[in-house]
1. Only one of these is more than 17 Å from the chain's Cα centre (by Cα) and charged (D, E, K, R): D139, D125. Name it.
2. Being over 19 Å from P140 (Cα atoms) and in a helix (DSSP H, G or I) is the filter here, so list the residues in region 15-61 that pass it.
3. Out of everything in region 150-192 that is charged (D, E, K, R) and not in a helix (DSSP H, G or I), what residue ends up being surrounded by the fewest Cβ atoms within 10 Å (Cβ to Cβ)?
4. Take region 6-38 and flag every residue that is surrounded by 14 or more Cβ atoms within 10 Å (Cβ to Cβ) and charged (D, E, K, R).
5. Being in contact with an Asp or Glu (Cβ under 7 Å, 6 or more places away or on another chain), open to solvent by 20 Å² or more (accessible area, probe 1.4 Å) and within 26 Å of A45 (Cα to Cα) is the filter here; which residues of region 56-94 pass it?
6. List pairs: first residue in region 1-29 and touching a residue at least 60 places away in the same chain (Cβ under 8 Å), second residue hydroxyl-bearing (S, T, Y) anywhere in the structure, Cβ distance under 6 angstrom, at least six positions apart or on different chains.
7. Considering every residue within region 77-89, establish whether at least one is among the charged types (D, E, K, R) and either assigned to a strand (DSSP E or B) or under 19 Å from V159 (Cβ atoms) (or both).
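The values are calculated or read from the model by the stated rules, or taken from the named source; none is laboratory data. These figures come from a predicted structure and were not determined experimentally. Cβ atoms come from the backbone with ideal geometry, glycine included; neighbour counts cover every protein chain shown. Each accessible area value is taken on the protein alone, full model and side chains, heavy atoms only, with ligands, DNA and RNA left out. Shrake-Rupley method; radii C 1.70, N 1.55, O 1.52, S 1.80 Å.
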Amino acid sequence: NPIFQRAIKMAKKAARSSSSILIFGETGTGKELFVQGIHHASDRAAKPFVAQNCAAFPESLLESILFGTVRGGFTGATDRPGIFEQANGGTILLDEINSMGHQLQAKLLRVLQENYVRRIGDTKDIPVDVRIIATTNEDPQEILRSGTIRKDLYYRLNVINITIPPLRERCDDIPLLTNYFLNKYNYLLNLK
């Protein structure tokens, strides 16, 4: 489908850049596959790729996952690097960025502007070099209008914008996908 081909072409161009990317697509459109493809086609391919679903954890836990913790920072805290440190030199996928609370969005914005993180409970800054690719399953203009995402963070993430159309808008791809999956499962199940 031409619309899908445009999205692929944009992803290939984005892979050659180091800019942040915001990908919009409904649930099931393959956003994470696009992100992995961009990472593997980029200069950061040999470095880590870390994916984090922002809707999977409450904000306080997500903060420690993103930025890490130091022993004694709070009850039960241990020295643990966050995903920014783990992905240093590579790419971080922030899936469902529209689920992240405003307070944590402000802290994420600071990391994007300053290129350093501070573990929860620590006093020292840790320099990081990561590329952020964020995804949303809601229309970016709508989450901006509704205030779900901070404007400053939105513009920081939306340097490159890719929209992945749902399958219902590219029905001409259905025969291709059908043949692909038939061949794949016939091979896996020794039916051919």
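1. Only one candidate qualifies: D125.
2. If the condition is that a residue be over 19 Å from P140 (Cα atoms) and in a helix (DSSP H, G or I), then A15, L33, Q36, G37, I38, H39, H40, E59, S60, L61 are the ones that fit.
3. K192
4. E26, K31, E32
5. Residue satisfying the conditions is N88 alone.
6. I23/T135; F24/T136; F24/T163
7. yes
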